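As structure tokens, the structure follows; a few thoughts come after it.
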Amino acid sequence: MAPSSGSLLLLLAFAPAGFGQAKKDEAEPDKVSYYKNVRPIFQQHCQGCHQPARPEGGYVMTSHADLFKKSDHEVAGITAGQPEKSELVKQITGHDGKRAAMPRGKDPLTDRDVRIISKWITQGAADDTPASAKAVLVDPEHPPIYDAPPVITSVAFSPDGKLLAVAGYHEVLLWTADGKELVARLVGLSERVQSMAFSPKGDFLAVTGGDPGRFGEVQIWDVAGKKLKLSAPYTFDTLYGASWSPDGKRVAFGGGDNSVRAIDAASGKQVLFQGGHGDWVLDTIWSLEGNHLVSVSRDMSMKLTEVATQRLEDNITSITPGALKGGLQAVDRHPKNNNLLIGGADGTPKLYQMFRTKDRKINDDFNRIRTYPALPGRVFSVRFNADGSRFVVGSSHLGKGEAMVVQTDTGKLVSKLEIGKGPVYAVGYHPNGKMVATAGFDGMVRLNDPDNGKMIREFVPVPLRTKTTAK
């Protein structure tokens, strides 16, 4: 059984639906629960900077035991029964009219949250985490151990063509682009990794994911240093479709709350919000100039947002009922212009212009430039090559997959890829144009020659459990 099936859980990973947010009229509990009341506050406001992958000040807050340890300043975070002697309480409480020191650079905790934490410490700071939530610890010092390859949801080549990032369970695995050497394992909080994107210069990697139904997270990794630069929680479900602005300063993503967001990549501050979709937003891409953001959703639409005003500017695809046969899953922008390649439930890749040059009319689909040959089932991923002359696309249908390379301008099939038997959920195009990557349900990464579709190499990207580790 693969870890992604639930046999491997992050210690204290489960958050209740409220995720630290209480209704204004909700009474404070007489007996404060660490698991139900305190831990969600830490998850939302603190763990981004105080986790094993990014232990600011030498202090980690992802497990109950860590809370009582000393930081780099040789002071204990919590002293049970004595909130006045607990450094954590001092840091989250304002003094002499000044705002609290923590969370740094973010809004302070509410008075209610501070009271709950203090009350819990006064009552003994006990750990009431259910045994079922303490299965196995996963962090950089204890990376996942896999019984079988996990489902792979995303792959991405670095802009210089040296690395291939592969989504795993609680981690991103960095391989040499030829699939011959595992370079690094970037282990974070999110049990699901849904998307990855290298910054334009390749110095950073943006990762979106989370724990389904509990929290979403954006991670920004320093690729050369293999260090977590930023971890920021958003919404109460997993996040999708990471994309970088052309200047490398902002990261956009979609959410299961039907929203589109963009954040400052350095600080994590939200700089854009658009709530115009009617279903999950699964992918995003920026315009060539960086002044517009495109998003696709299960609501069967591709929308255009003006970044400066955060205004929903247009429905790029037709909004006529029946024009699109199901939701949209993936989008990529042509590297040299603002044409957009999309794929989704109908299995048919389509090319659209980003900006409308004619007034909308009922039943029109004016922005559509070209419709390409259909793949069986649903298209999960699309990627242009470096000059936009070709693209690779992958799909899934009834437990089987298909992937092919197509000429952008003519729609001519270049090759069908040798991919094995399982569904294809992720594709990538190497910057030199001589190799494409596919991955999906069977947990294998396959590298193919795009000219003829022949397989160059296939490999399991995760370390599998051996007889020794099983003991």
Expressed in nanometres to one decimal, the distance between label points 7 Å along Cα→Cβ at ASP409 and ASP72 is 5.5
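For the chain, report the % of Cα-Cα distances exceeding 39 Å.
Values: 27138 of 110685 pairs.
In whole percent, the long-distance tail amounts to 25.
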Once both labels are modelled 7 Å past Cα along the beta-carbon direction, what's the THR371-ASP107 spacing in nm? 4.6
Phi angles of segment 192-206, converted by Karplus (6.51 cos²θ - 1.76 cosθ + 1.60, θ = phi - 60°) into ³J(HN,Hα) in whole Hz with x for Gly and Pro, give 9, 10, 9, 7, 9, 8, 6, 5, x, 8, x, 7, 10, 10, 8
The chain, dipole about Cα centre (Lys/Arg Cβ +1, Asp/Glu Cβ -1), debye to the nearest 20: 520
How far is helix 111-122 tilted off the main Cα axis of the chain, in degrees rounded to 10, range 0 to 90? 50
If R0 is 25 Å, what FRET efficiency do you get for LYS400 and MET455 from their C-beta distance, rounded to 0.05? 0.90
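For a footprinting-style exposure proxy, rank ILE362, ILE319 by other Cβ within 10 Å, fewest first. Mind dumping the intermediate values first?
Details: ILE362 7, ILE319 17.
So the residues, fewest neighbours to most, are ILE362, ILE319.
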Sorted from fewest to most neighbouring beta carbons within 10 Å, what does the list SER297, SER259, SER389 look like? SER389, SER259, SER297
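Apply the Kirkwood formula to segment 325-471: the hydrodynamic radius equals the inverse of the mean of 1/r over all pairs of different alpha-carbon atoms; give it in Å with one decimal.
Working: mean 1/r = 0.0622 Å⁻¹.
One over the average 1/r among Cα pairs gives 16.1 Å for segment 325-471.
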Place a point 7 Å from Cα of LEU464 in the direction of its Cβ. Which residues in segment 140-172 have their backbone N less than 12 Å from it? 146-150
Cut-off under 5 Å, modelled amide H: who pairs with HIS170 long-range: ARG192, VAL193
Greater than 18 Å apart at Cα, pairs in LYS31/LYS119; LYS106/LYS226; LYS106/LYS227: LYS106/LYS226; LYS106/LYS227
Along the charge dipole of the chain, which of VAL166, ALA126, GLN274 sits closest to the positive end, that is, farthest toward it, with unit charges on the beta carbon of Lys, Arg, Asp and Glu (+1, +1, -1, -1)? VAL166
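Could you grab the relative contact order for the chain? Cα pairs under 8 Å, six or more apart, rounded to a whole percent.
Values: 1257 pairs, mean separation 46.1, N = 471.
Once divided by the residue count of the chain, the mean separation gives 10 percent.
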Using the basic label-point model (7 angstrom from Cα toward the beta carbon), what is the ARG356 to ALA184 distance in nanometres? 4.4
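No lab work stands behind these numbers, since they all come straight from the coordinates. The structure displayed is predicted, hence computed values, not measured ones. So basically every Cβ, Gly included, is an ideal-geometry build from the backbone, and we count neighbours across all protein chains shown.
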